[in-house]
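The values are calculated or read from the model by the stated rules, or taken from the named source; none is laboratory data. Quick caveat, the model's predicted, so the values are computed rather than measured. No Cβ is skipped: glycine too gets one built from the backbone with ideal geometry, and neighbour counts run over all protein chains shown.
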Amino acid sequence: MNPVADKTKEAIETCERFGASNYAPLPVVLARGEGCWCEDVEGRKFLDMLASYSALNQGHRHPRILEAMTRQAGRLTLTSRAFHNDAMGPFLEKLCALCGMERALPMNTGAEAVETAVKMARRWGYRTKGIAPDRAKIVVGGNNFHGRTTTIISFSTEQAYRKDFGPFTPGFTPVPFCDADAVDDAVDDDTCAVLLEPIQGEGGIVMPEDGFLTRVRDICSRKNVLFLLDEIQTGLGRTGRLFAWEHEPGARPDALILGKALGGGILPVSAVVSSREALGVFEPGSHGSTFGGNPLACAVASEALDVIVDEDLPGRAAEIGGRFLEALRGIASDLVRDVRGRGLLIGVELVPEAGGARRFCQALLERGLLCKETHENVIRFAPPLTIAWKDVEWALERIEAVLKKTP
């Protein structure tokens, strides 16, 4: 018997005994994290190459964010929205200034923010555009991932997210992700919004063609519909710009949907940031959340934003991500079909003959790298934006070894 290894087995078995099987995690039980590195219950060290799907852009337990949390927790954590608190206003002002928007509505999870944007767009369609009652439609990209609530899976094209969860919410029109002509054809007088991810992360790191987002922006302006961008995974520095849409300056959206890194890797914080007109459709009682905008979350998110700006994490993502992408493309392997991405959001697509990406992620885990497969054949590399190049080089040696042979 190995009492150290038994810690991993016992922890996993306890989770499987008492938890629902809605995830299939890799067999590692993490116990500590610092910066870009984690340690499991057995004392083994791992380089985090997933960053909790971009929630850890600032790294694990960033000291400034921890200090802000502790400071706020020492005086006030929750008021509900029945009362004002002194942390929410300054946070919203900072967020709006950073986004170049007028108003923000804070929520908790990314899915809640997407639901908020859907409600905002529909009400805007009825009250501002003049769409007849209960006829508003939203055009979405096929292969999308915006969350797993009942309404959100209603406009997913991934059957694994939908099977046996119907009936579904109507009012959504999926079109091919990178087809601006299809978007144009789908938008009609009853359309209130177009909702897209600038890069489809969960969909396999699917990159739009240059100019696609700008064309959609033009379509939305011409046809009087809102252009909504879900930057929950791509925003706050991940792609080498503060927001992914900034790679196309002409693609400015009417609303940004944010989450993940907004909570600094510590708390769930999300928000919809938009214009006074669009968010002005809400009145007291029409939408809300007990924990949305709570003072603890606002203090954490405010410091999380400051860290992104002060440490120029978008610039780090652009510089290190560019070198990382180039190095990955230089690996000669018959198992690799494509390497694509932007900043530190990178996908390595394997050929079908490789037998799926999960076992490659397992092989990388055994070599000290934490990463995860997406869309069956794609290995996603998305480390904290604080990662040092020497750590990327360390990772590249192990990635190359794994990609040059079938595990």
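For this structure, a couple of remarks:
- Sole residue being surrounded by fewer than 17 Cβ atoms within 10 Å (Cβ to Cβ) and either in a loop (DSSP other than H, G, I, E, B) or in contact with a strand residue (DSSP E or B) (Cβ under 6 Å, 6 or more places away or on another chain) (or both), chosen from 39, 13, 67: 39
- Taken over region 159-192, the criterion of being part of a loop (DSSP other than H, G, I, E, B) and in contact (Cβ under 8 Å) with a residue 24 or more places away in the chain is satisfied by 171, 176, 177, 178, 187, 188, 189, 190.
- So residue 268, is it surrounded by fewer than 23 Cβ atoms within 10 Å (Cβ to Cβ), under 21 Å from residue 56 (Cβ atoms) and not acidic (Asp, Glu): yes
- Every test in (1) among the acidic types (Asp, Glu); (2) under 16 Å from residue 267 (Cβ atoms); (3) touching a Lys or Arg at 6+ places or on another chain (Cβ under 9 Å) is passed by residue 39 save one, and that test is (2).
- Residues located in region 127-142, provided they are farther than 12 Å from residue 191 by Cα and in a helix (DSSP H, G or I): 127, 128
- Selected residue (criterion: surrounded by the most Cβ atoms within 10 Å (Cβ to Cβ)) from residues of region 292-319 that are among the charged types (D, E, K, R) and more than 17 Å from residue 234 (Cβ to Cβ): 303
- Restricted to region 375-394, and to residues there that are among the aromatic types (Phe, Trp, Tyr) and assigned to a helix (DSSP H, G or I), the residue that is nearest to residue 342 (Cα to Cα) is 389.
- Looking only at region 337-367, and only at residues there that are farther than 16 Å from residue 50 by Cα and over 25 Å from the mean Cα position of the chain (by Cα), the one that is surrounded by the most Cβ atoms within 10 Å (Cβ to Cβ): 354
- Residues (part of a helix (DSSP H, G or I) and charged (D, E, K, R)) located in region 298-316: 303, 306, 310, 316
- Residue count for region 255-286 satisfying the condition of being out of contact with any helix residue (DSSP H, G or I) (no Cβ under 6 Å at 6 or more places or on another chain), in a loop (DSSP other than H, G, I, E, B) and farther than 14 Å from residue 53 by Cβ: 7.
- Region 317-374, residues that are part of a helix (DSSP H, G or I) and of a type in the set (A, V, I, L, M): 317, 318, 320, 325, 327, 328, 354, 363, 364, 365
- Conditions (1) modelled with pLDDT of 95 or more; (2) surrounded by fewer than 18 Cβ atoms within 10 Å (Cβ to Cβ); (3) not hydroxyl-bearing (Ser, Thr, Tyr); number of the one not met by residue 146: (2)
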